[in-house]
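In what follows, a structure is listed as structure tokens, so that the remarks can point back to it.
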Amino acid sequence: MVDDSSVQGAAKPATQPTKPELAVLKLLWRRRDLSARQITEEVAPQFNWSYSTMRTVLERMCEKGLLTKKPAGGVNVYAAGVGKIALLGDMIRDFSDRVLELDAAPSAVMFADSKLLSEDELAELEERLRAEDE
């Protein structure tokens with residue numbers, strides 16, 4: 001998991017991640033730094049993509065600020081460029097505003113069964129959603 005504080009200096013992405021981009025981020029939030037080959041082995045089969053297509057997606061994600069890239073041992077290693085709670089909070093807020101036309105974001109309790117969030121992360125998400133409503 002990526003702690004939001006570890007990516008505070010990262011630029012906020014201009015758009016919400018696509019389904020494949022979100023799959024990459026989820027993988028990196030769980031397993032941290034991975035090479036393009038490792039990411040491809042995990043994510044590309046879900047979308048029936050080749051290694052070169054996956055590399056293109058990774059580079060575009062870097063351009064958007066969703067990922068960071070650094071050389072390590074002769075290969076590029078990718079890491080999440082955005083924190084999990086920050087991005088999920090933004091996505092929930094956007095969905096609540098744009099789709100549901102709610103005046104306030106729903107409670108994080110709605111996500112209690114999430115496999116992606118720990119209890120501490122749920123509490124942090126709840127804080128973030130409440131803070132944005134104030």
Of the conditions (1) surrounded by 13 or more Cβ atoms within 10 Å (Cβ to Cβ); (2) at pLDDT below 95; (3) in contact with a strand residue (DSSP E or B) (Cβ under 8 Å, 6 or more places away or on another chain); (4) more than 26 Å from L122 (Cβ to Cβ), the single one that P71 does not satisfy is (1)
When only residues in region 1-44 that are of a type in the set (A, V, I, L, M), assigned to a loop (DSSP other than H, G, I, E, B) and in contact with a strand residue (DSSP E or B) (Cβ under 8 Å, 6 or more places away or on another chain) count, which is modelled with the highest pLDDT? V2
Scanning region 98-134 residue by residue, those of a type in the set (G, A, S), surrounded by 11 or more Cβ atoms within 10 Å (Cβ to Cβ), assigned to a helix (DSSP H, G or I) and at pLDDT below 80 turn out to be A108
State yes or no: is F47 within 19 Å of Q16 (Cβ to Cβ), of a type in the set (F, W, Y) and under 16 Å from the mean Cα position of the chain (by Cα)? no
Filtering region 94-130 down to residues that are of a type in the set (S, T, N, Q) and in contact (Cβ under 8 Å) with a residue 60 or more places away in the chain yields S118
Within region 80-99, the residues that are touching a helix residue (DSSP H, G or I) at 6+ places or on another chain (Cβ under 8 Å) and over 17 Å from D120 (Cβ atoms) are A80, G81, V82, I92, R93
Per the list (1) modelled with pLDDT under 85; (2) in contact with a strand residue (DSSP E or B) (Cβ under 6 Å, 6 or more places away or on another chain), residue check on A79 breaks on (1)
Among the residues listed as M91, M61, the single one being crowded, with 19+ Cβ neighbours inside 10 Å, assigned to a helix (DSSP H, G or I), touching a residue at least 40 places away in the same chain (Cβ under 8 Å) and of a type in the set (A, V, I, L, M, F, W, C): M61
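The values are calculated or read from the model by the stated rules, or taken from the named source; none is laboratory data. Because the structure is a prediction, the values reported are computed rather than measured. Cβ atoms come from the backbone with ideal geometry, glycine included; neighbour counts cover every protein chain shown.
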